[in-house]
Structures are given as C-alpha cells and as structure tokens.
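First up is the structure itself, then whatever we jot down about it.
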Amino acid sequence: ALVASEDIGAAVAHAVQEPDRFHGVELELAGDRLTMEQVAEVLSAAWGVPVTAPSMDLDEALAAGMPAWGAGHLWSNAITQPARPALARQLGIPVTSFATWAHRHLTPTT
C-alpha cells in the first residue's frame, strides 16, 4: 500500500499517546486502496502526461522467464493493495489519499 510518511508519524504519535488503546491493534496504514491502474491515473493527473501501469498476463510473464512478475501483476490488477484506511480513521488517525499526496509533492510549482 502507498503510505504518506506524515501518516506514519501521526499513527506513531497516537499509539505513543494512547498505548492501551493501540495495544494489539494491527493497522494496515494507507490513505486509500488503489490498483496500479488507478495509481497511474493519479500520476498522470499530477504530472500532466500519460502514465500507464505496465502489465503482462501470466503467459507473457512465463514466456519472458518471469513467473513471479506475472503472478504479481495478476494480483495487483485484480485487487487493491492491502490497507484499512477506515480503521485508521476510526482510531482518529488522519490518512492522506495518494491523490492528495501526489498533488502536494509531484505537481509543478511556479
């Protein structure tokens, strides 16, 4: 999952301030859950140029001698990355969407 560094800091601060509340909590931190195609769309918008998510099916990956690559692409194209942003929000941890992060850090400034 894509995680903004400031979100990691916020999660740590919350856990340190309220250790009993966060004891045993498994927090898969991320602002949102995106497929690689959605990540490419966000990057395209931020940079103002087309960005595509390279993809190959399992047969293409096997033919290229990269079976793990093909299996990984099948997985990342079919489902979003693991994350539970709703749980973070329930715990009071602010999370940053990838689009917001990209706008802050990747868009040209004048």
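The values are calculated or read from the model by the stated rules, or taken from the named source; none is laboratory data. Source: prediction; values computed, not measured. No Cβ is skipped: glycine too gets one built from the backbone with ideal geometry, and neighbour counts run over all protein chains shown.
Points worth noting:
- Condition met for residue 96 (modelled with pLDDT of 95 or more, assigned to a loop (DSSP other than H, G, I, E, B) and within 12 Å of the chain's Cα centre (by Cα)): yes
Conditions tested, residue by residue: (1) closer than 14 Å to residue 30 by Cα; (2) exposed (fewer than 13 other Cβ atoms within 10 Å of the Cβ); (3) modelled with pLDDT of 70 or more.
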site	(1), (2), (3)
78	no, yes, no
84	yes, no, yes
88	yes, no, yes
101	yes, no, yes
108	no, yes, yes
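- Number of positions in the range 1-36 that are in a helix (DSSP H, G or I) and under 19 Å from residue 100 (Cβ atoms): 8
- Subset of the range 45-58 (residues that are surrounded by 12 or more Cβ atoms within 10 Å (Cβ to Cβ) and closer than 12 Å to residue 107 by Cβ): 45, 46, 47
- Residues in the range 19-76 that are of a type in the set (Ser, Thr, Tyr) and modelled with pLDDT under 85 were compared, and the one that is nearest to the chain's Cα centre (by Cα) is 35.
- All positions within the range 1-37 that are surrounded by fewer than 16 Cβ atoms within 10 Å (Cβ to Cβ) and without any contact (Cβ under 8 Å) to a residue 12 or more places away in the chain: 5, 9, 12, 13, 16, 17, 18, 19, 20, 23, 24, 26
- Note on the range 32-58: residues that are touching a helix residue (DSSP H, G or I) at 6+ places or on another chain (Cβ under 6 Å), farther than 27 Å from residue 68 by Cβ and of a type outside the set (A, V, I, L, M, F, W, C) total 1.
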